[in-house]
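Engineer: Right, I'll just put the structure down here and ask away after.
The values are calculated or read from the model by the stated rules, or taken from the named source; none is laboratory data. Note that the structure is a prediction, hence the values are computed from the model and not measured. Note: ideal-geometry Cβ built from the backbone for every residue, glycine included; neighbour counts use all protein chains shown.
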Amino acid sequence: MSGVAVLNREELDKLERRELQLTILSVVFVLVLAGGLAAFMYPLVFVHPEGNKWTMRVAFFGFCALVLLFVGYLLERQRTVHKLKQHILAEVERNVALRHQANVDLLGSMPDASQFWDRLTMEFRRAKTMQKTLSLILLKVNKGSGSGRNPDMSAVGSACAKAMSRRLRPTDCIFRLSPEVFGVVLPETDWQNGKLISARLQQELQGAQTGFGVSFEVNIYNYPGDVVSAHEMEDLVKSLLPEQQGWGASVPALAE
C-alpha cells in the first residue's frame, strides 16, 4: 500500500464540536450586541420619535429581522456542516466496504493450496525428468508486534498479491496457501535467479509493509540446490502451513 489516507473519525468529531462551539459563541455575541442596540433604539423609535416615526419603525423592525436572519444562517450553517460530515463518513464507509469486497474477490479468485500441490507436483516431475531447475518462494505475512495495529488481512493479502504479480514472469505462478502464506513456483529457475526474483519481490512489498505495519518472511528453495527429493520440498512447504492445511489428508504427496 503506497500511503492510503486514513480518515480519522475522532478528528472529525473534534472539529465538529469546535465548529458547534464557535457557532453558539457567534449567535450569543450577535444577540447580545443586537439586543443592546435595539434597547438603545427603542426609546427613539417608540417613546420620543423624531421625524417620520413610521420610517424609523420600519428601520427598527428591519434591523431585528436581519439579526434573526443572520442567526438563522449561523444555525443552518452548523446543520450543513453536520450533514456534510455524516455524508463524508457514509461515503468513506461505503468505499472501505467496496475495497474490502474487491480484496476478498481478488483473493478468492487466486489459485489455492490444492492447485498449488498439483502445479508443484507437475513442475517437479518436469524438472526431474528434463534435468531442469525449479525454485519455490514461500512468503509468510507476520503481524507487526507491539505496533498496536490490527490490519485487515484481506487487504494485506490483496496488496501482497498485486505487488508480487508485478514482479513475476508470465511462466511463474502465485498461490495463496493460507491467509498468511503465499507460494510462488518458478519453473526453470536456478538458485541465483531465484534470489534475484525474491529480492525484487521484497522490494515491491516495502509499500505494503510500511502501510499495514506488517513484516514478511521470505524463503526460497531450489531443486536440486537445496532439496534433492520431492518429499524434502513438500516438508518445507508444510512447515509454514497450519496443521489442517499442511498435513491434511487432501494434500497429495509429491511424486518422486
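Engineer: Residue by residue through segment 78-112, note down the ones that are more than 30 Å from Leu12 (Cα to Cα), without any contact (Cβ under 8 Å) to a residue 24 or more places away in the chain and over 16 Å from the mean Cα position of the chain (by Cα).
Structural biologist: So in segment 78-112, the residues more than 30 Å from Leu12 (Cα to Cα) come out as 105-112.
Next, from what is left, pick out any that are without any contact (Cβ under 8 Å) to a residue 24 or more places away in the chain: 105, 108-109.
Gly108, Ser109 - these are the residues of segment 78-112 that are more than 30 Å from Leu12 (Cα to Cα), without any contact (Cβ under 8 Å) to a residue 24 or more places away in the chain and over 16 Å from the mean Cα position of the chain (by Cα).
Engineer: Moving on. Condition (residue is over 30 Å from Ser229 (Cβ atoms), without any contact (Cβ under 8 Å) to a residue 60 or more places away in the chain and in a helix (DSSP H, G or I)) applied to segment 113-122: is it met by at least one residue?
Structural biologist: no
Engineer: Moving on. List, please: which pairs have Cβ atoms under 6 Å, are six or more places apart or on different chains, and start with a residue in segment 13-41 that is touching a residue at least 40 places away in the same chain (Cβ under 8 Å) and end with one that is in a helix (DSSP H, G or I) and charged (D, E, K, R)?
Structural biologist: Close Cβ pairs (under 6 Å, with a partner that is in a helix (DSSP H, G or I) and charged (D, E, K, R)) amount to Glu16/Lys85.
Engineer: Somewhere in segment 187-196, is a residue of a type in the set (A, V, I, L, M, F, W, C) and without any contact (Cβ under 8 Å) to a residue 60 or more places away in the chain? Step through it out loud before you land on a result.
Structural biologist: Narrowing segment 187-196 to residues of a type in the set (A, V, I, L, M, F, W, C): 191, 196.
The next check asks that each one be without any contact (Cβ under 8 Å) to a residue 60 or more places away in the chain; those that pass are 191, 196.
So far as segment 187-196 goes, yes, one or more of its residues are of a type in the set (A, V, I, L, M, F, W, C) and without any contact (Cβ under 8 Å) to a residue 60 or more places away in the chain.
Engineer: Something else now. Could you check segment 128-155 and list, in sequence order, the residues that are in contact with a helix residue (DSSP H, G or I) (Cβ under 9 Å, 6 or more places away or on another chain) and modelled with pLDDT of 80 or more?
Structural biologist: Selection gives Lys128, Lys132, Thr133, Leu134, Ser135, Leu136, Ile137, Leu138, Leu139, Val141.
Engineer: Can you say whether Val227 is modelled with pLDDT of 80 or more, touching a Cys at 6+ places or on another chain (Cβ under 7 Å) and either in a helix (DSSP H, G or I) or under 11 Å from Leu136 (Cβ atoms) (or both), as far as the supplied structure shows?
Structural biologist: Details: modelled with pLDDT of 80 or more: yes; touching a Cys at 6+ places or on another chain (Cβ under 7 Å): no; either in a helix (DSSP H, G or I) or under 11 Å from Leu136 (Cβ atoms) (or both): yes.
Answer is no for this residue.
Engineer: In addition: State yes or no: is Ala59 closer than 25 Å to Val156 by Cβ, in a helix (DSSP H, G or I) and modelled with pLDDT under 85?
Structural biologist: Numbers: closer than 25 Å to Val156 by Cβ: no; in a helix (DSSP H, G or I): yes; modelled with pLDDT under 85: yes.
In short, no.
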